[in-house]
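Some notes on the structure that comes next.
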Protein chains: 2
Amino acid sequence: MVSMTGKKENMLPASVAIHEVVLRDGIQNEPVPVPTDRKLDLLDGLVRSGVGRIELSSFVNPRLVPQMADAEALWERVERRPGLLLSALVLGEKSLERAIRCRVPHVGIFVSASETHSLRNSNRTVAEAAGEALRLIDRARSRGMQVRAGVMNAFGCAYEGAVPVDRVLGLVDRFMTLSPDEICLADTSGMGYPAQVGEVIARVRAVAGDVSLSLHLHNTRGLGLANLWEALRRGVAIFDTSLGGLGGCPFIPGAKGNIATEDTVHMLHLSHVATGIRLESLVEASRSFESFMKKEFPAMILHLPDSGACES
Amino acid sequence: MVSMTGKKENMLPASVAIHEVVLRDGIQNEPVPVPTDRKLDLLDGLVRSGVGRIELSSFVNPRLVPQMADAEALWERVERRPGLLLSALVLGEKSLERAIRCRVPHVGIFVSASETHSLRNSNRTVAEAAGEALRLIDRARSRGMQVRAGVMNAFGCAYEGAVPVDRVLGLVDRFMTLSPDEICLADTSGMGYPAQVGEVIARVRAVAGDVSLSLHLHNTRGLGLANLWEALRRGVAIFDTSLGGLGGCPFIPGAKGNIATEDTVHMLHLSHVATGIRLESLVEASRSFESFMKKEFPAMILHLPDSGACES
């Protein structure tokens, strides 16, 4: 609608990679069971829309997260297509062994920056969890996997409130000793705000150098896309999003709602940032999955006439 | 949580004025009738929370907008308190005469930048509507009223799509001949996006000079607070918000949801921008009004435990 100015502060990345997490974070806490077939249908819809990175599952205790119980079946059946990066979240040694057996090409390995969340989520202190994460990263890389190393609750914790940025930097610093392919900062509790997101990114960059930086944002307090905008202005070019805005960590109170893939893509395209995704096709996949899940998804443009997309 | 950097791009206004529109834009299209007594209760709740600017009504044909039919009664009964700016939206000559009789101290006078919306909303072309607005501004000022002169659909139109920024600038330029107290840019259709909002603000500033600039944002596509963040970074310090995120123009398809006062205040306080508003008290007023309206409001922090405010 208007052309971008040439000022440095408005120089956005030319393109962004969407790391789609609906099949993992999106559904893990939903009461309607999603059968393997429906997951594969959803994946097909995403791939047909041009989504290039998909988090297919975590490997977690099926008693704790029943939606992830079919991880092995899913990885067995999924088609491995050129140009599509399939990923899994790995949560410990047994989890990584399962991922290795499933020939997962890309794993996310995360440590919480909050002691309380770390103890509740993994029964380990932050220091213990960091030590284990380093061993996992090392083993995953030795098996030829790509690794994103991440910090959960990097912008605040629902249990603890503020999280010292030095704790985030300390974890990133330890990850960097193993040269991960990507550093991911997760706003697990949805407590980040733009000024803080900008500041933390700048400080993480100083530690992580040229390694790719990604953000995993939740819209718990309505600030997801404001945070994304600030990160985008600072050159971040990989974002986790969930179709429909589904999502939420089962161990974080109130942590519902990843930023919605369709709303994010809509915003990026308006900003002349390419994603490789066809928005109309994505909205179609989202509407189909919304019918299946029998709940109104939080995504906004999904519920507007003609998907509300105004890309012209 | 983190201190602000000293870089110019992060220099935010020290304080922001919230122009609360729930009593006008918020309820005008809601099916549950709000009696005058309930409006005055709501106003009391807002004032007790520290809100300093309240749009109390429009003066409009009561057959078209029944919720505004009690405008005279409301202005007769409302207490005029020192430090509280009460405002009304004025939509034509008869409307202004009603406001004058009600001794309204502050009026908003708007012209749409979209021909289609202008014709549908006021039965006038943009040029005709601009001519009338200038006469209204002149008359309002001659009666000692403060005037905000505004442009509707400044960032796009649900009927027309893109709105040329030159049309917005042309309207602002004409307003400036009458030295309004404030220029307001309204994203009536909720189609603005951050890069555009920043660009339009910069260009309007070049025309409007030192006159206060305000933004009226809708969250129709989830971008309300991202747009606010970009505007804030560019020094805008007056924002229209609606308690609970209620709102929507009855003549714009899909234009639901002003940005929510509580989510906006929450974001501003985290960003160390003062509003004079006590968030907990505001959330209390919103919860009470939500019960009365018998619908779940779109505001986010409203529905989190302990209001989800994380100001510490």
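If you take each beta carbon of peptide A:182-192 and count the beta carbons of other chains within 10 angstrom, what is the mean? Provide the component values of the computation, followed by the final result.
Details: counts 0, 0, 0, 0, 0, 0, 0, 2, 4, 4, 3.
Whole-number average of other-chain Cβ neighbours for A:182-192 is 1.
Can you give me the convex hull volume of the Cα atoms of the stretch B:60-108, divided per residue and expressed in Å³?
On the way: hull volume 3.5 nm³, N = 49.
Once divided by residue count, the hull of the stretch B:60-108 is 72 Å³.
Rounded to the nearest 20 Debye, what is the dipole magnitude of the protein assembly as shown about its Cα centre when Lys and Arg each give +1 and Asp and Glu each give -1 at the C-beta?
Working: 68 positive and 72 negative charges, 73 e Å.
In debye, rounded to 20, the protein assembly as shown gives about 360.
Measuring nothing but label to label, 7 Å from Cα along Cα→Cβ, what are B:Asn61's distances to the other copies in nm, shortest first?
Label point to label point, same position, other copies: 6.6 nm.
Going down the list A:Lys39/A:Lys295; A:Lys294/B:Lys294; A:Lys39/B:Lys294; A:Lys295/B:Lys295; B:Lys94/B:Lys294; A:Lys94/A:Lys294, which pairs span over 28 Å between their C-alpha atoms?
Details: A:Lys39/A:Lys295 17 Å; A:Lys294/B:Lys294 22 Å; A:Lys39/B:Lys294 36 Å; A:Lys295/B:Lys295 16 Å; B:Lys94/B:Lys294 34 Å; A:Lys94/A:Lys294 34 Å.
Result: A:Lys39/B:Lys294; B:Lys94/B:Lys294; A:Lys94/A:Lys294 exceed 28 Å.
Once you compute Rg and the Kirkwood Rh from C-alpha atoms, what is the Rg to Rh ratio for chain B?
Numbers: Rg = 18.1 Å, Rh = 19.4 Å.
Looking at chain B, the ratio lands at 0.94.
Ignoring everything except DSSP H segments at least 4 long, calculate the 222 nm mean residue ellipticity for the protein assembly as shown; use -39,500 (n - 2.57) per segment, divide by total residues, nearest 500. Working shown, then result.
On the way: 20 runs with 232 residues, N = 624.
Counting only the DSSP helices, I get -11500 deg cm²/dmol.
Under a point-charge model restricted to the Cβ atoms of Lys and Arg (+1) and Asp and Glu (-1), what is the dipole moment magnitude of chain A relative to its Cα centre, in debye to the nearest 20?
Details: 34 positive and 36 negative charges, 111 e Å.
Here the size comes out at about 540 debye.
Residue by residue, what Karplus-based ³J(HN,Hα) values in Hz, rounded to whole numbers, does the stretch B:55-72 have, using 6.51, -1.76 and 1.60 with θ = phi - 60° and x for Gly and Pro?
Those phi angles translate into 7, 7, 6, 9, 10, 9, 4, x, 6, 7, 9, x, 4, 9, 5, 9, 3, 4 Hz.
Among B:Lys39, B:Lys294, B:Lys94, whose mean-square fluctuation peaks in a Gaussian network model of chain B (Cα, cutoff 10 Å)?
Of B:Lys39, B:Lys294, B:Lys94, the Gaussian network model singles out B:Lys294 as fluctuating most.
Taking the Cβ of each residue in B:Glu79, A:Glu97, B:Glu132 as the centre, tally the other Cβ atoms inside 10 Å and list the residues starting with the fewest. Intermediate values should be presented prior to the final figure.
Values: B:Glu79 10, A:Glu97 13, B:Glu132 18.
Sorted ascending by nearby Cβ count, the order is B:Glu79, A:Glu97, B:Glu132.
To the nearest 20 debye, what charge dipole does the stretch B:70-206 have about its Cα centre, counting +1 at the Cβ of each Lys and Arg and -1 at the Cβ of each Asp and Glu? Please report the intermediate quantities before stating the final value.
Working: 18 positive and 17 negative charges, 90 e Å.
Roughly 440 debye for the stretch B:70-206.
What is the mean number of Cβ atoms from other protein chains located within 10 Å of the Cβ atom of each residue in peptide B:212-222, rounded to a whole number? Don't jump to the answer; show the numbers that get you there.
Numbers: counts 0, 0, 0, 0, 0, 0, 0, 3, 6, 14, 19.
Neighbouring Cβ atoms belonging to other protein chains average 4 per residue here.
What does the convex hull of the Cα atoms of the stretch A:51-175 come to per residue, in Å³, rounded to a whole number? Before the final figure, lay out each step's value.
Values: hull volume 14.6 nm³, N = 125.
Per residue, the Cα convex hull of the stretch A:51-175 comes to 117 Å³.
Where the label is 7 Å out from Cα toward Cβ, how close does A:Gly144 come to the same position in every other copy, in nm, shortest first?
Once sorted, the set of distances for A:Gly144 reads 8.5 nm.
How much FRET efficiency would the formula 1/(1 + (r/R0)^6) give for A:Asn61 and B:Glu296, where r is the Cβ-Cβ distance and R0 is 41 Å, rounded to 0.05? Working shown, then result.
On the way: r = 34 Å, r/R0 = 0.82.
So the FRET efficiency works out to roughly 0.75.
Within a 10 angstrom radius of each residue's Cβ in A:195-205, how many Cβ atoms of other chains show up on average? Whole number is fine.
Details: counts 15, 6, 1, 8, 6, 2, 0, 4, 2, 0, 0.
Average neighbour count from other chains, rounded to a whole number: 4.
Which ³J(HN,Hα) values, rounded to whole Hz and listed in residue order, are derived for the stretch A:188-203 from phi using the Karplus coefficients 6.51, -1.76 and 1.60 in 6.51 cos²θ - 1.76 cosθ + 1.60 with θ = phi - 60°, glycine and proline given as x?
Per-residue couplings from phi come out as 4, 8, x, 10, x, 9, x, 4, 5, 4, x, 5, 5, 4, 4, 6 Hz.
Could you run the Karplus curve 6.51 cos²θ - 1.76 cosθ + 1.60 with θ = phi - 60° over the stretch A:224-237 and give me ³J(HN,Hα) per residue in whole Hz, x for Gly and Pro?
With the stated coefficients, the stretch A:224-237 comes to x, 7, 5, 5, 4, 4, 5, 5, 4, 4, 9, x, 5, 10 Hz.
Just going by the charge dipole of the protein assembly as shown, with Lys and Arg at +1 and Asp and Glu at -1 on Cβ, which of A:Leu89, A:Met293, B:Val168 is farthest out on the positive end?
Towards the positive end, the residue furthest out is B:Val168.
Within 10 Å, count the other beta carbons around each residue, average over each peptide in A:223-236, A:265-278, and list them highest first. Intermediate values should be presented prior to the final figure.
On the way: A:223-236: 25.4, A:265-278: 19.8.
Peptide ranking by packing, descending: A:223-236, A:265-278.
Under the Kirkwood approximation applied to all pairs of distinct alpha-carbon atoms, what is the hydrodynamic radius of the protein assembly as shown in Å?
Values: mean 1/r = 0.0397 Å⁻¹.
Over the protein assembly as shown, the inverse of the mean reciprocal pair distance is 25.2 Å.
Where a number appears in this text, it was derived from the coordinates with a stated rule and is not lab data. The shown structure was predicted, so the numbers you read here are calculated from the model rather than taken from an experiment. FYI the Cβ positions are ideal-geometry reconstructions off the backbone, even for glycines, and counts take in every protein chain you see.
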